[in-house]
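Structure record follows, encoded as structure tokens.
The values are calculated or read from the model by the stated rules, or taken from the named source; none is laboratory data. These figures come from a predicted structure and were not determined experimentally. For neighbour counting, all protein chains shown are included, and Cβ atoms are generated from backbone atoms with ideal geometry for every residue, glycine included.
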Amino acid sequence: MEVAGTEQRAQAARPDTLLWYLPAGVLIGLLFLTALQLNTRWFFFLFLGSLIFAVSFAPVDKKAFYLTLLVLAVSIRVGLNFYFQRSAMHHSTHGFLIQLHYLPLAALYAIWAGRCWLAHSSPGISTRGLAPLTAFFGVGVISVLLGGNALFGAFDLFALLGSIALFVYASSEIRTERDLRIVLTVLLVSVSIQGIIAIGQHLTRSTLGLEFFGAYDDLGLKSQTWQGLADRTRVGGTIGHPNALAMFFDLLLPLGFSLLFCPFQRRTRLLLSAAVGFGILGHVLTLSRGGFVATGLGCLLIFFVWLRQRNGFLAAISALTLLTALILVFVFGTSNLVTSRFFRDDYKAAFGRIPLIQVALNMIRDRPFFGVGLNNYNEVAPRHDNTPQRITSWWNIPVHNQFLYIAAQMGLVGLACYLLFILAILRSLWPAIRSSDPLVAWASLGIAVGIAVFLAHLQIEFDSLPRNSQFWFVSGLAVSLGHLAATASKRTRAPSNLHGHPIRDL
């Protein structure tokens, strides 16, 4: 019987297990007691490091364990700044950033290297997007050397190097269906966690004591009082700023919504629906107008693809038009947070972004090729401010457009490299969307729409590209989906219509 076989395997494994349980437990206990005396962030780093060390001797699937930790750590975003430098100016990084996910990432790289060494094989690094990404880093180095503040530029370069390492692993080592299921499961769990935390922050009008993760004290309301937002509670989850949490949902909510149409079993669909529901509520509570508009349009696009496959083009257009009208009536025809955010809040901030664009354009005209230098934008912005409002004298923040922000810091050459990288990522997803494997197809569609939504939101927002680990991991996952689609096409030549028989749970 299966039960008897399971008991025999458990009994056989017990002596070997004890060899690492006892010393590992003692080690973790001692480190735990020591870590309690440390700063909270140091506690997390030390505890996770000891856990990784202990599991290295455990009879478990180490890659699966570390991959789970990696995705969770990427989503939580805890980091330490070495050689921290205070500055009156806004900088994307203020020190050499060591993020929590570096620990499981280092363990995964060690497993990868060890496997290649034992098998005497090449690492099989994916080259998709690697050439423009390498060029992008090189342009960043040049911009720092030519810019005015090499130290802060070096901080951003260090963070960018860590993000590239994350992208390379995600694009090269998520090669099996099992790896994909682990990643998708943990990503959707992280969406649920951030959504639940956001709801709790809104209901309690507090950070829930999560400042050590990055949640802003008073949820950033003190700095936004002049904008008319003091009576609103914008939430930031564990990530910090509400707009940063919105960009997290931009990337992952379309993925979760797309997987709802994958032929899973009923239990899995219910869990997916709960994750997406918590994520939608969390996204709305960020009160990020660009975020939930872009994400809403992206989810409607996915819904249209599903309807077209089932009922044809005309029926899909009709149903989508009706659904859009109902959503607009519900959102804008009733009194709610979203309506207030669109029609009654912070017009100063909205109009203030226009002169910021002029400042960025002045920088690009002055330094068109390699820009003013990474992490140097706000230091040189006043010199390029000829706006009537002298906007940088009272609101010196980066331009709310990611493409202009990159072009101002790294020049048009850097922007071209970034766009080529994005194009390479999206190209790898196109055959994956047409895959005969429904899981790969729907996940690829969700990732493609998520990246598009993220980029659309960034046309009216800015982001610290070197330190946004979620974007780099999702980009690497997009490349891996292209590889998985190629593997699936070798197994079967049947064309995909994004349908299929029920598949196993995530």
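Show the residue pairs meeting these rules: Cβ distance below 6 Å; 6+ apart or different chains; first residue within segment 109-132 and within 17 Å of His483 (Cβ to Cβ); second residue of a type in the set (Val, Ile, Thr).
Between residues of segment 109-132 that are within 17 Å of His483 (Cβ to Cβ) and residues that are of a type in the set (Val, Ile, Thr), the close pairs are Ser126/Val479; Arg128/Val479; Gly129/Ile425.
Take the residues in segment 231-289 that are among the aromatic types (Phe, Trp, Tyr) and within 22 Å of His400 (Cα to Cα); name whichever of them is surrounded by the most Cβ atoms within 10 Å (Cβ to Cβ). Give the steps one after another, and end with the answer.
Of segment 231-289, the ones among the aromatic types (Phe, Trp, Tyr) are 248-249, 257, 261, 264, 278.
If we keep only those that are within 22 Å of His400 (Cα to Cα) as well, we get 248-249.
Details: Phe248: 28, Phe249: 30.
That would be Phe249.
Which residue is modelled with the lowest pLDDT, if the candidates are limited to segment 170-182 and must be in a helix (DSSP H, G or I), surrounded by fewer than 22 Cβ atoms within 10 Å (Cβ to Cβ) and of a type outside the set (Lys, Arg)? Can you show your working first?
Pass one, segment 170-182, residues in a helix (DSSP H, G or I): 170-173, 177-182.
Now drop any that are not surrounded by fewer than 22 Cβ atoms within 10 Å (Cβ to Cβ), which leaves 172, 177-182.
After this cut, where a residue has to be of a type outside the set (Lys, Arg) as well, the list is 172, 177, 179-180, 182.
Working: Ser172: 95, Glu177: 92, Asp179: 95, Leu180: 96, Ile182: 96.
Only one residue fits best here, namely Glu177.
If you scan segment 228-285, which residues turn out to be within 27 Å of Thr204 (Cα to Cα) and among the hydroxyl-bearing types (Ser, Thr, Tyr)?
Thr233, Thr238, Ser273
For Gly411, work out the one condition from (1) farther than 30 Å from Phe257 by Cα; (2) modelled with pLDDT under 95; (3) over 23 Å from the mean Cα position of the chain (by Cα) it doesn't fulfil.
Of the numbered conditions (1) farther than 30 Å from Phe257 by Cα; (2) modelled with pLDDT under 95; (3) over 23 Å from the mean Cα position of the chain (by Cα), the odd one out for Gly411 is (2).
Ser436 is checked against (1) closer than 24 Å to Ser92 by Cα; (2) surrounded by fewer than 21 Cβ atoms within 10 Å (Cβ to Cβ) and fails just one. What number does that condition carry?
Just one mismatch for Ser436, condition (1).
Picking from Ser496, Ser444, Ser480, Ser475, which residue would you name as being at pLDDT below 95 and out of contact with any Pro (no Cβ under 6 Å at 6 or more places or on another chain)?
Working: Ser444 fails: at pLDDT below 95; Ser480 fails: at pLDDT below 95; Ser475 fails: at pLDDT below 95.
Checking each option against the conditions leaves just Ser496.
If we keep just the residues of segment 416-454 that are out of contact with any Leu (no Cβ under 8 Å at 6 or more places or on another chain) and not in a helix (DSSP H, G or I), which is farthest from Pro263 (Cα to Cα)?
Filtering first and then ranking leaves Arg434.
Go through (1) buried (at least 17 other Cβ atoms within 10 Å of the Cβ); (2) outside any helix (DSSP H, G or I) and name the single condition Thr392 misses.
(2)
Check whether at least one residue in segment 95-115 is touching a strand residue (DSSP E or B) at 6+ places or on another chain (Cβ under 8 Å) and part of a loop (DSSP other than H, G, I, E, B), and report yes or no. Spell out the reasoning first.
Residues of segment 95-115 touching a strand residue (DSSP E or B) at 6+ places or on another chain (Cβ under 8 Å): 95-100.
Of the ones still in play, those that are also part of a loop (DSSP other than H, G, I, E, B) are 95, 100.
The answer is yes, given that some residue of segment 95-115 is touching a strand residue (DSSP E or B) at 6+ places or on another chain (Cβ under 8 Å) and part of a loop (DSSP other than H, G, I, E, B).
Any idea which of Ser92, Ser75 is part of a loop (DSSP other than H, G, I, E, B) and under 20 Å from the mean Cα position of the chain (by Cα)? Steps first, please.
Details: Ser75 fails: part of a loop (DSSP other than H, G, I, E, B).
Step by step, each of Ser92, Ser75 is checked, and only Ser92 is part of a loop (DSSP other than H, G, I, E, B) and under 20 Å from the mean Cα position of the chain (by Cα).
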